[in-house]
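Below is one structure. I have some questions about it.
The values are calculated or read from the model by the stated rules, or taken from the named source; none is laboratory data. Please read these numbers as outputs of a predicted model, since none were measured by experiment. All Cβ positions, glycine included, derive from the backbone under ideal geometry; neighbour counts span all protein chains shown. For accessibility, only protein heavy atoms count, side chains too; no ligands or nucleic acids. Shrake-Rupley method; radii C 1.70, N 1.55, O 1.52, S 1.80 Å.
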Amino acid sequence: MENFDVGTNLLVIIPEIGLTILAVAILFMDSLLPESRRRSIAYLTFFGMGLIAVFPLMLSPDGETYWGGMIRHDMLSQVFKVIVLLAGSITALVASTTSDLGRKGEFYLIMTVSTLGACLLSSAADIIMIFVALETVSIPLYVLAAFNRQDKRSIESGMKYFLFGSFASAVMLYGFSLLYGFSGQTGLQGIADALRAGAVAEPVSLVIAIVLVFVGFAFKISAVPFHFWTPDVYEGAPTPVTAFISVASKAASFAVLLRFFVAVFPEELSVDGQQMQTFWINLVIAASIVSMTVGNVLALVQTNIKRLLAYSSIAQAGYTLLGVAALQGIASEGVDPAAQGVAAVAYYMLMYTFTNLLAFGVVAIFSDATGSETIADLAGLSRRNRWMALAMTIGLLSLAGIPPAAGFIGKFFLFNAAVSANLEWLAIIGVLNAIVGLYYYLVVIKVIYVDRSADDDKPILLTTPAGVMLGITTIAVIILGVIPQPFFNWALESATSLFS
Amino acid sequence: MVPLWMFLTVAAALFVIGAYGVLARRNAVAVLMSVELMLNAVNINLVAFWRFSDPVASVSGQAFAAFIFVVAAAEAAVGLAIIISVYRSRYSVVVDDVDMLKW
């Protein structure tokens, strides 16, 4: 047993320690402040997480594992930690604008704990840690989805999320137990070394383990065919919770999916002449195609804006899986498709976080003011509040992939990575799907700007936090779309750290 | 000594029964019980693999099983709380009756 250096080990989990302190502070404020002043808890969460998001940027990751191999301190984990912390921070601001969650201290506490889990998940390098972190993300989210006890739909969505989620994690665990059985190890690197040394003679047994584990991850990123919970939960859960589920838990799950498959089933691993990488890449490609298609086609017929965004988020998971599929590419002429793919996924998750928070932020403010979530009721939003209409338009354009919004660049990087990995046909399917997607996003924009409604003369007022939230996310979406290079280089740097 | 494959068979059978229960039972509490069955299957797997691993010095299999106990308890607590609030709002815990959200 090597020496355990407490100082360095603690330094590695500084963001997690910060979140724990923040959670305790929220707990105290909730019990000490009178009901009328509890909205300040939201601002504490916003500034607290914003501040903590700076820590991962200041640490210099070395690619080593810490805490007995539980956590890998590399650039990729830092990038995803920043993403989930920003997501949590902005979600707090979204929640502060709503009348049902704004003053509920426990909401911010539970959300902070879920963010803590997402941070750990982005750096987990051991199947025990992956499991515990995944549950630390999920269990608070079950509670949050069912948070509005007066609202039957919210409770229903909580129950559905819980039943699907616990089933998926049990399936994934069975896969983990098989991997442990084959290798006698729980660390990802240890498992990989044992497999390379020929711990498994039959490819079939590894294939079973891969499928079982993939089910668990596919559930978390809401890829088809494990997406059934997504529309119901997105519609029923309180809107800020939906926003958080759609970005933070998804981003962290993509991080762990990349880390797990790259570490355990790398290109050079072949069992009995069968290359394992080909198998899981094909699984990813299949999930990518059906997610894109099913998500986009079903989104066409939606009448509820949150349900539409749910199907859109299934489609977006499909696009992102394109970047994961690019891992099959072999480096040549100075271009490494695998690194490009990982970087594209990281960049896409960064821009998707801001874009989706922007769209759901507008929906949260709108439904809080009018009590409606149907697309038809968005009619005349441009006359009721033109800033909200503009923000929503930018968000939807970014989801659709229209420049100058960030979504265009994000999709470009993903398709580019797929092409450089010799998956041209997959990129073409992606582009065709993006065209289908364009239709339903533009319909919403048309409703906002062209359609008339009886309430045209009733303006919707923006509070200061709501304005700040929309401002931050809109500017971030534009900046990521206009000057993507520094951010992409950052993502590329993180991608290389995954392979070293 | 009981060979490893016997443990694995029991675990696999438990897992399949649990999965069948999740998919076939209509009562939310029964679904939750089936999930617990699946988690127990995983625990049997882990502990059996640990016992037969060579050398037995590493305790990671046992540690993993212990973590699963704790998380399963937390999950059951949250799950039952959610099921109770479903019952309070609808006077039913049958999954088919909880159907406000669809398509």
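Going by amide H atoms built from the backbone, whose H comes under 5 Å of the H on A:V271, apart from near neighbours?
A:M276
Relative to the isolated chain, which residues of the range A:166-212 have their accessible area cut by 50 Å² or more in the presence of all protein chains (1.4 Å probe, heavy atoms, no ligands or nucleic acids)?
A:F167, A:A170, A:L173, A:Y174, A:S177, A:Y180
Kindly compute the accessible surface that chains B and A hide from a 1.4 Å probe when together, both sides summed, and give it to the nearest 100 Å².
Summing both chains' loss of accessible area gives about 3600 Å².
Can you tell me the orientation of helix B:4-24 relative to chain B, as the angle in degrees between its alpha-carbon axis and the longest Cα principal axis, to the nearest 10?
For B:4-24 against chain B, the angle is about 10 degrees.
Another question about this same structure. Using only the alpha-carbon atoms of the range A:437-497 as identical scatterers, what base-10 log of I(q)/I(0) does the Debye formula give at q = 0.15 Å⁻¹?
At q = 0.15 Å⁻¹ the computed log10 ratios are -0.79.
In the P(r) worked out for the protein assembly as shown, what percent of Cα pairs fall beyond 33 Å?
41
Normalised by the empirical 2.2 N^0.38 Å for globular proteins, what value does the Cα Rg of the range A:78-160 take?
Ratio of Cα Rg to 2.2 N^0.38 Å: 1.16.
Just the number, please: Stokes-Einstein D of the range B:1-44 in µm²/s, Kirkwood Rh from C-alpha pairs, 10 °C, 1.306 mPa s.
150
A further question on this structure: Does any residue of the range A:125-149 lose at least 50 Å² of accessible area with all protein chains in place compared with its chain alone, and if so which ones (probe 1.4 Å)?
Listed by number, the residues meeting the 50 Å² cut-off are A:I128, A:F131, A:I139.
I've got another one for you. Using DSSP to call loops (not H, G, I, E or B), can you name the trypsin sites (Lys or Arg not before Pro) in the range B:36-103 whose Cβ has at most 10 other Cβ atoms within 10 angstrom?
Taking the range B:36-103 and a limit of 10 other Cβ atoms within 10 Å, the loop trypsin sites (Lys or Arg not before Pro) found are B:K102.
Additional query: Of the heavy-atom accessible surface of the protein assembly as shown (probe 1.4 angstrom), what whole percent is carbon and sulfur?
Carbon-and-sulfur percentage of accessible area, whole number: 67.
Evaluate the range A:334-434: find the radius of gyration of its Cα atoms, find its Kirkwood radius, and give the ratio Rg to Rh.
Reported Rg/Rh (Cα atoms, Kirkwood Rh): 1.11.
May I pose another question? As a test of the formula, what do you get for chain A when each DSSP H run with n ≥ 4 contributes -39,500 (n - 2.57) and the sum is divided by the residue count, at 222 nm and rounded to the nearest 500 deg cm²/dmol?
-24500 deg cm²/dmol
Using the Karplus curve 6.51 cos²θ - 1.76 cosθ + 1.60 with θ = phi - 60°, work out ³J(HN,Hα) for each residue of the range A:318-331 in order, rounded to whole Hz, and write x for Gly and Pro.
Listing the rounded values in order: x, 4, 5, 5, 3, x, 5, 5, 5, 4, 6, x, 9, 5 Hz.
How compact is the range A:34-187 by the rule of thumb for globular proteins, expressed as Cα Rg over 2.2 N^0.38 Å?
That works out to 1.18 for the range A:34-187.
Now a separate question. Kirkwood hydrodynamic radius (Cα pairs, Å) of the range B:4-92?
Answer for the range B:4-92: a Kirkwood hydrodynamic radius of 14.4 Å.
May I ask for the longest run of chain A untouched by GluC sites (Glu not before Pro) that are loop-located per DSSP and have at most 15 neighbouring C-beta atoms (other than their own) within 10 Å?
A:3-267
I would also like to ask the following. Taking only the C-alpha atoms, wrap a convex hull around the range A:307-354 and report its volume per residue in Å³ as a whole number.
With only Cα atoms used, the range A:307-354 gives 53 Å³ per residue.
How much area per residue is accessible in the protein assembly as shown when the probe is 1.4 Å and only protein heavy atoms are counted (Å²)?
37
In sequence order, what are the phi-derived ³J(HN,Hα) couplings for the range A:373-388 according to the Karplus relation 6.51 cos²θ - 1.76 cosθ + 1.60 with θ = phi - 60°, rounded to whole Hz, with x for glycine and proline?
Each residue's phi maps through the Karplus curve to give 10, 7, 5, 4, 6, 6, 3, x, 4, 5, 8, 7, 7, 6, 5, 4 Hz.
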